[in-house]
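Asker: Sharing a structure below in structure tokens format, with a few things to ask.
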Amino acid sequence: MSIAIEVNDLHKSYRPVRAVDGISFTVEEGEIFGMVGPNGAGKTTTIECIEGLRRPDQGTIRVVGLNPQQDGYELRRRTGVQLQQAALPPRLKVWEGLDLFSSFYPCHVDRKILLEQLGLADKQNTAFEKLSGGQKQRLFIALALVNDPELVFLDELTTGLDPHARRATWDLVRGIRERGKTVFLTTHFMEEAERLCDRVAIIDHGKIVALDTPQDLIRSLGAEQRVIFAADGQWDDTPLRGMPGVTRVEHIGERTIIYGQGEGLVGGVVSTLERMGVHFRDLRTEQPTLEDVFLALTGKEMRE
């Protein structure tokens with residue numbers, strides 16, 4: 001597999017803050033690579049150094065074989081960027097925005113094709129200020145794709161979108177990869193990273209603290225699954241506590257939460273409850289997620 005991005009020993013400081021502190025990683029061609037981290041962890045600084053928008057203090061970066069600082073013009077021709085914060089003139093129409101951005105490049109995609117692919121064909125004559133949040137994000141994706149790039153950067157793509165628009169945007173990102181392009185995204189939505197990314201780098205205090213597939217990151221945590229149900233009245237939970245794989249049992253009002261590991265945990269809990277004669281309802285399970293990994297590695301305190 002060829003390498004789309006190679007970063008070695010990247011450093012960037014805003015005195016006295018060390019925003020990026022010696023990180024190294026590669027992104028393979030054709031994958032969706034995600035970078036996640038708390039606020040102020042260094043995500044945006046990293047992606048801006050890779051895009052060539054910021055000059056690193058130390059380290060080397062190669063993007064599609066180019067140096068972002070020395071080969072800026074060629075890099076912009078071969079990459080597409082959706083910034084964390086962006087806007088267009090309020091009265092600019094959708095088709096006008098695409099035509100304007102197309103004029104920046106020697107080669108570009110037919111805007112009719114982009115409008116169809118991104119579900120904006122019926123909005124081509126609509127002013128930017130009249131678009132919904134999801135439609136604006138789709139337009140920014142279209143602008144990032146107008147030059148038919150090899151590599152697309154998406155920075156906090158779905159921030160501020162409602163759940164329906166967010167999931168529709170995920171489908172668009174998958175579609176970008178299916179067209180043979182590489183995607184580098186940053187996000188603070190762990191479900192988004194888990195659903196979309198082939199590999200995820202978790203960054204904290206300017207350092208990469210974990211990098212792997214979402215599935216392997218979850219597996220490495222060794223986190224417990226949870227079986228949750230409601231039951232009326234008083235009953236003795238000793239048989240549940242003695243089950244193989246069960247680590248602890250909690251009661252919160254009528255709800256009982258059983259923590260444990262093992263493929264037979266759920267079936268064992270149900271069988272034990274039936275054998276005990278406990279009438280339960282609303283039983284559900286919760287599997288470990290990337291959010292559990294994220295919180296375990298970066299802490300649960302609020303960051304500004």
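Asker: Quick check on packing: order 185-198, 246-259, 63-76 by the mean number of other C-beta atoms within 10 Å, highest mean leading.
Answerer: Top of the packing list down: 185-198, 63-76, 246-259.
Asker: Grab the beta carbon distance between I257 and T159, set R0 = 30 Å, and tell me the FRET efficiency rounded to 0.05. Intermediate results must be reported in sequence, preceding the final value.
Answerer: Numbers: r = 31 Å, r/R0 = 1.05.
Plugging the Cβ-Cβ distance into 1/(1 + (r/R0)^6) gives 0.45.
Asker: Taking 0.36 nm per residue of separation and subtracting the Cα-Cα distance, what length does fully extending R241 through Q70 add? List each step's numbers first, then the result.
Answerer: Details: separation 171, 0.36 × 171 = 61.56 nm, distance 6.30 nm.
Answer, rounded to one decimal: 55.3 nm.
Asker: Something else: If each of S13 and E274 carries a label point 7 Å out from its Cα toward its Cβ, how far apart are those two points in nm?
Answerer: For the pair S13/E274, the computed spacing is 6.5 nm.
Asker: Would you give the gap between the C-alpha center of the range 265-289 and the C-alpha center of the range 1-75, rounded to a whole Å?
Answerer: Centre-to-centre (Cα) distance: 47 Å.
Asker: Rounded to the nearest Å, what's the spacing between the alpha carbon centres of the range 86-108 and the range 117-138? Just the number, please.
Answerer: Taking the Cα centre of the range 117-138 as reference, the centre of the range 86-108 is 13 Å away.
Asker: Counting only residues 5 or more places away or on other chains, whose amide H sits under 5 Å from the amide H of V152 once H atoms are built in the peptide plane?
Answerer: Those qualifying (amide H under 5 Å, at least 5 residues apart or on another chain) are G80, T182, V183, F184.
Asker: Let me check I've understood the local charge: for R281, count other residues with C-beta under 10 angstrom from its C-beta, Lys and Arg +1, Asp and Glu -1. What total comes out?
Answerer: Details: positive: none; negative: D232, E254, D282.
My count for the surroundings of R281 gives -3.
Asker: Let me ask something else. Suppose R0 equals 22 Å. What FRET efficiency, 1/(1 + (r/R0)^6) with r the Cβ-Cβ distance, do E31 and L100 give to the nearest 0.05?
Answerer: Values: r = 31 Å, r/R0 = 1.40.
Working from the Cβ atoms, E equals 0.10.
Asker: Same structure, new question: If you project the alpha carbons of the range 224-287 onto the principal axes, what extent comes out on each, in Å, largest first?
Answerer: On the principal axes, the range 224-287 reaches 28, 20, 16 Å in Cα extent.
Asker: Which lysines, if any, have their Cα less than 29 Å from the Cα of K207, not counting same-chain residues under 8 positions apart?
Answerer: Result set, ordered by chain and number: K12, K43, K181, K300.
Asker: Treat the range 169-250 as a sphere of radius equal to its Kirkwood radius over Cα pairs and apply Stokes-Einstein at 37 °C in a medium of 0.692 mPa s; give the translational diffusion coefficient in µm²/s, rounded to a whole number. Intermediate values should be presented prior to the final figure.
Answerer: Numbers: Rh = 16.5 Å.
Translational diffusion coefficient: 199 µm²/s.
Asker: At 7 Å along the Cα-to-beta-carbon direction for both L297 and D57, put a label point, then send me their distance in nm to one decimal.
Answerer: According to this spin-label approximation, the distance is 2.4 nm.
Asker: Can you give the alpha-carbon Rg of the range 114-240 over 2.2 N^0.38 Å, where N counts its residues?
Answerer: On the way: Rg = 20.1 Å, N = 127, 2.2 N^0.38 = 13.9 Å.
Rg over 2.2 N^0.38 Å, computed on Cα atoms: 1.45.
Asker: Moving on to the next point. What span do the alpha-carbon atoms of the chain cover on each of the three principal axes, reported in whole Å from largest to smallest?
Answerer: Taking max minus min along each principal axis of the Cα atoms, the chain gives 74, 47, 37 Å.
Asker: If I model a spin label as a point 7 Å beyond the Cα along the Cα-Cβ vector, how far apart are those points for E116 and Q84 in nm?
Answerer: It works out to 3.7 nm between the two label points.
FYI, it's all coordinate maths here, none of it is from the lab. Predicted model, so just to flag it, every value in this text is computed and none were measured. Glycine also receives a Cβ, built like all others from the backbone with ideal geometry; neighbour counts cover every protein chain displayed.
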